[in-house]
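See structure below.
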Amino acid sequence: MNVSVAPATLAAEGLLQTPVIQRIGVIGAGQMGNGISHVCALAGLTVVLLDVKTDALAKAMATMGHNMDRQVAKGTITQEDRDAAIGRVTTSTDYAAFGACDMVVEAATEKEEVKRAIYKTLVPQLKPACMIASNTSSISITRLGASTDRAEKFIGMHFMNPVPVMKLVEVIRGIATDEPTFQATQALALRLNKTTAVSEDFPAFIVNRILVPMINEAVYALYEGVGTVSGIDTALRLGANHPMGPLELADFIGLDTCLSIMQVLYEGLSDSKYRPCPLLVKYVEAGWLGRKAQRGFYDYTQTPPRPTR
């Protein structure tokens, strides 16, 4: 008679070995991808950073170097640490560069169709044991994992922005994620000097389930004339002791990302309280995406930034 034993039980009995991650791939050389590469390289991992644009890769390496220089100036790392870390990062536009990786972290834009297209190209290049982590901030890990050939080795690893500064990583198991992949991800986060919060696989997980609806409500307050941009941000900074106001924070995150998360919440939970504010939709349609576009709720072409409403 065949008796099946749960992976968690096998892991607890030491019959499943936790994979060791030494070589890591990162997809996407934007703000999140270069931050993830930064902390991985400083932790002694060999890093392969991929983007479809060579200029994005050059910009990412320059950003990493600049940010590590700041850490050297503050005394948090040495010049030797900085130089060794930069030396551990290689860049590529070819997915074949991930062939020897133990894990690949996808940090592409927050659109499910984009991520699925990436996995379709990625999976044939990976060794069988390679794990895949998505840095998604809201999309179902179960659904993303099911679009690959290795749902059991697929997990959510949601870093906070800016990655070198923020201590938290949300870890999200899909329904098929096995225990060794979960334990390897927890060990990786610890090696990166991060604290983990384990979330169930529900829309937007923990942080954005709470944070982004607050931002959306702040946009509604602006839309309905309850307060001005500066009034709303001042109220939350001083009245709730937030380090930055919700509209300033939205600009920092990216209004397109905020809208995508609200849409995932609205569609995934079918609750009207998650309806994206029409003003947020209009800003995104206008291309006013926040800091990265130099205009959102504030105009960043001026110093100090001036509210746009």
Within segment 289-304, considering residues that are of a type outside the set (A, V, I, L, M) and not in a loop (DSSP other than H, G, I, E, B), the one nearest to ILE232 (Cα to Cα): TYR298
Of the residues that make up segment 246-264, is at least one exposed (fewer than 13 other Cβ atoms within 10 Å of the Cβ) and over 25 Å from LYS59 (Cβ atoms)? no
Do you know which residues across segment 160-181 are among the charged types (D, E, K, R) and touching a residue at least 40 places away in the same chain (Cβ under 8 Å)? ASP178, GLU179
Of all helices (runs of 4 or more DSSP H) fully inside segment 182-260, the set with 3 or more residues that are in contact (Cβ under 8 Å) with a residue 12 or more places away in the chain, under 19 Å from the mean Cα position of the chain (by Cα) and on the phi < 0 side of the Ramachandran plot is 207-223, 246-253
Qualifying positions in segment 66-115 - acidic (Asp, Glu) and in contact with a strand residue (DSSP E or B) (Cβ under 6 Å, 6 or more places away or on another chain): ASP102, GLU106
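Bear in mind these aren't lab numbers, they're just calculated from the coordinates by the rules spelled out. Since this is a predicted model, take the numbers as computed values, not measurements. Every residue, glycine among them, receives a Cβ derived from its backbone with ideal geometry; neighbour counts consider all protein chains shown.
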